[in-house]
Amino acid sequence: MKEFGKEYIKYRRLELGLSLDDLSKLTGISESSLCKLEIGSIEKLGLAKMIKIATTLGIDLFKLIDLDEDMLVITKYFYDVFKNNELKAKVYE
């Protein structure tokens, strides 16, 4: 994860007026894990969880994670599929 990404998650969360508890409930990721991510105690949370954080906070995923060239194309594809499915799910709720 990029150093900037850790800081940006907290900045964006606070900008939206969300507590760690709020973000935890919205993403399904434990408050403890989110806190550790923000302070840099953990380097990786897993791509699926990072996608949840990015989409919930309205952050470009690629500002948060470091990828080599090959993984960038693959991850971008799956991120777009996930994001589109999330949007479709919200329409049907």
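Residue by residue through the stretch 23-50, note down the ones that are over 17 Å from LEU61 (Cα atoms) and touching a Lys or Arg at 6+ places or on another chain (Cβ under 8 Å).
The answer is GLY28, SER33, ILE39, GLY40, ILE42.
Per-residue answers, yes or no, for (1) open to solvent by 30 Å² or more (accessible area, probe 1.4 Å); (2) out of contact with any strand residue (DSSP E or B) (no Cβ under 8 Å at 6 or more places or on another chain); (3) modelled with pLDDT of 75 or more; (4) on the phi > 0 side of the Ramachandran plot:
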position	(1), (2), (3), (4)
ILE9	no, yes, yes, no
SER19	yes, yes, yes, no
ILE29	no, yes, yes, no
SER41	yes, yes, yes, no
LYS49	yes, yes, yes, no
LEU61	no, yes, yes, no
GLU69	yes, yes, no, no
LYS76	yes, yes, no, no
TYR79	no, yes, no, no
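For the stretch 5-54, how many residues are in contact with a Leu (Cβ under 8 Å, 6 or more places away or on another chain) and under 21 Å from TYR79 (Cα atoms)?
18
The values are calculated or read from the model by the stated rules, or taken from the named source; none is laboratory data. All values reported here derive from a predicted model rather than from experimental measurement. Note that each Cβ is placed from the backbone with ideal geometry, even for glycine, and that neighbours are counted across all protein chains shown. When the accessible area is computed, the model is the full protein with side chains, heavy atoms only, and any ligands, DNA or RNA have been set aside. Shrake-Rupley method; radii C 1.70, N 1.55, O 1.52, S 1.80 Å.
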